Amino acid sequence: MKKGINPKKRGPPKKGGKNSSIAQDSFFKHKRQKRDYPDEEEDEIPSEASGDEEENGFFSGGEEGERNSEEKDRYANETADEVRHRHAKEYIESLEIAGREEPGSDEDRDREYEKEGERDTFFKGAGKKSALVTKMLMDEQLIKSGRIRREIASRVQMPGIGDEFEVLVKHRQSVTAVCLSDDDSKGFSASKDGTILQWDVASGKSEKYRWPSDDVLNSHGARNPEGRATKHSKQVLALAVSTDGRYLASGGLDRHVHLWDTRTREHVQAFPGHRGPVSCLSFRQGTSELFSGSFDRSIKIWNVEDRTYINTLFGHQSEVLAIDCLRDERVLAVGRDRTMQLFKVDKESRMIFRSSASSLECCCFIDNNEFLTGSDDGNTALWSALKKKPVYIVKNAHAFLGDSKGAEQNGGLNNKFDGNAAFSWVSSVAVCRGSDLAASGAGDGFVRLWAVDSDPKGIRPLHNLPLVGFVNSLAFAKSGNFLLAAVGQEPRLGRWGRVSAAQNGVAIQRLKHL
């Protein structure tokens, strides 16, 4: 030991030095993004777009940019309380405008108020305008919480000739996932060749996400490929977009969860940790929490704002195929172990629902207490949190008959009917949030629309919408005005079936209401 050095007085090593392991770790090189506060100016995002992209209007500029700068100058001296007051006032004014434009006479509204006696105390002594705004605010909150359900299924009209599904965005290979932004204006889709597209729902104009090089991926936190793989696989199996629309998450065969910035369409982070392909993703509504399910039988929780790992949920005994999440800290998951599991994250508990003799392929929340699933035996089932078995089952919901109209619709295939045939597997289900309108897709040549009844509980068929190919993913608009379908010639997770007549892409079905 050198003289003059007392080991007891030797302090801990300094953190963050040039030679420290933290400084060399690529994960800690990331600079935490600044949160947006009302009284602070937004960070400018450098644009590397070409002149053509700017002319197409994808990036803001021109007169709109000048108007935004004028608004920033006008409200530059506002306090946080003044900003909240102004936003609340604007929101109430928008509700009043929506109320005036809402169809129906004042007499109809008065009769509706009389039926809802429990709300009379709120409306007593208030004018019709304030009463209408109060009612709309209460209904919106109840719908978000899942306590009431909009009854729109019975008002959906059967599309006429020429109003069927139309291809909105084309892909080279089978589309595996589709999702919508919270305002229903932008859509995102991914395919087996690794292509990720962001597009405008109204026009169909698309922009492509570009994968970075392996060196950049490694600097963003990605690990080197394991096993016989020599490079990162780009095949995408799942997509999810955050509620605020800032982040897009993708997962696939490379066992990573990739995070993208939707404003610049650039890769910002890679989350390692899963030991199998990432098969499903879901953001918790209104938060930055992201849930990822994998073939490694686990579900992981991430915080995309802080870009950190939070926790891992275990329980499934086989591959996790689909997950869904609402506002509460509860995750719904299904897998090939023939179970659906509801994880209550805050209570560190779970509920197990068992399917009789089939693998559950897909699931979604109807509300906090009811769920919808599709299975590989062609059944669509309605579940309740109060019962461990389905409360209602539609058997052979997508029965595929080789010599029927369904075969002609799906490219003239000559397969004989088999309840377990790949073409009849219910590969996707979706529910219009806060409503009784649902849809399911398979490879039989149709997308089925359903009405979810509350009393008595059941699933009622509405319309069959022709669509050639495997429907690997579905997404409803919040308004219920359209339905998106991710279509491919092959199933999402394999190649055990093929429909050559299908067009790989995203199809849209406009829905008309009475």
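Read-outs: derived from the displayed coordinates by stated rules, not from any lab. All values reported here derive from a predicted model rather than from experimental measurement. Note: ideal-geometry Cβ built from the backbone for every residue, glycine included; neighbour counts use all protein chains shown.
Over the Cα atoms of the stretch 280-326, what is the Rg over Rh ratio if Rh follows Kirkwood?
Computed over Cα atoms, the ratio is 0.97.
Taking only Cα atoms of the stretch 235-325, what ratio of Rg to Rh do you get with Rh as the Kirkwood inverse-distance radius?
Using only Cα positions, Rg/Rh for the stretch 235-325 is 0.93.
Along the Cα-to-Cβ line of residue 287, 7 Å from the Cα, sits a label point; which residues in the stretch 297-315 have backbone N less than 17 Å from it?
Taking a point 7 Å out along Cα→Cβ of residue 287, the residues of the stretch 297-315 whose backbone N falls under 17 Å are 299-314.
Between the stretch 431-481 and the stretch 152-192, how far is it from one alpha carbon centroid to the other, in angstrom?
12
Please report, in cubic angstrom per residue, the volume enclosed by the convex hull of the alpha-carbon atoms of the stretch 315-368. Intermediate results must be reported in sequence, preceding the final value.
Numbers: hull volume 3.8 nm³, N = 54.
In the stretch 315-368, the Cα hull volume divided by residue count equals 70 Å³.
Each residue of the stretch 249-256 in order: what ³J(HN,Hα) in whole Hz does its phi give by Karplus 6.51 cos²θ - 1.76 cosθ + 1.60, θ = phi - 60°, with x for Gly and Pro?
10, 9, x, x, 6, 7, 6, 10
Using R₀ = 41 Å, calculate the FRET efficiency as 1/(1 + (r/R₀)^6) where r is the Cβ-Cβ separation of residue 77 and residue 389; round to 0.05.
In this case the efficiency is close to 0.10.
Using a simple spin-label model with points 7 Å from Cα along the Cα→Cβ vector, what separation in nm is obtained for residue 311 and residue 214?
Computed distance between label sites residue 311 and residue 214 equals 3.7 nm.
So, R0 is 22 Å and r is the distance between the beta-carbons of residue 460 and residue 150; what FRET efficiency does that work out to, to 0.05?
With R0 = 22 Å, the Cβ-Cβ based efficiency is 0.85.
Using +1 on the beta carbon of Lys and Arg, -1 on that of Asp and Glu, and nothing else charged, what's the dipole of the stretch 425-514 about the Cα centre, debye to 20?
So the magnitude is around 180 debye.
Hey, how much of the P(r) for the stretch 284-382 falls beyond 19 Å, as a percent of Cα pairs?
Percent of Cα pairs beyond 19 Å in the stretch 284-382: 38.
Considering the convex hull of the alpha carbon atoms of the stretch 243-287, report its projected area averaged over all viewing directions, in nm², one decimal.
Projected area, direction-averaged: 3.3 nm².
Testing the spin-label approximation: label points 7 Å from Cα along Cα→Cβ at residue 235 and residue 275. State their distance in nm.
In this crude spin-label approximation the distance works out to 2.1 nm.
Output ³J(HN,Hα) for the stretch 466-478: one whole-Hz value per residue in order, computed from phi by the Karplus curve 6.51 cos²θ - 1.76 cosθ + 1.60 with θ = phi - 60°, and x for Gly and Pro.
Working through the residues one at a time gives x, 7, 7, x, 7, 8, 8, 6, 10, 8, 8, 6, 4 Hz.
Calculate the FRET efficiency for residue 357 and residue 173 from the Cβ-Cβ distance with a Förster distance of 41 Å, rounded to the nearest 0.05. It would help to have the intermediate numbers written out before the result.
On the way: r = 33 Å, r/R0 = 0.80.
E(calc), rounded to 0.05, equals 0.80.
Report the percentage of all Cα-Cα pairs in the stretch 443-491 whose separation exceeds 17 Å, rounded to a whole percent.
44
Over the Cα atoms of the stretch 163-314, what radius of gyration and what Dmax do you get, in Å?
Using the Cα atoms of the stretch 163-314, the pair Rg, Dmax is 14.9, 49 Å.
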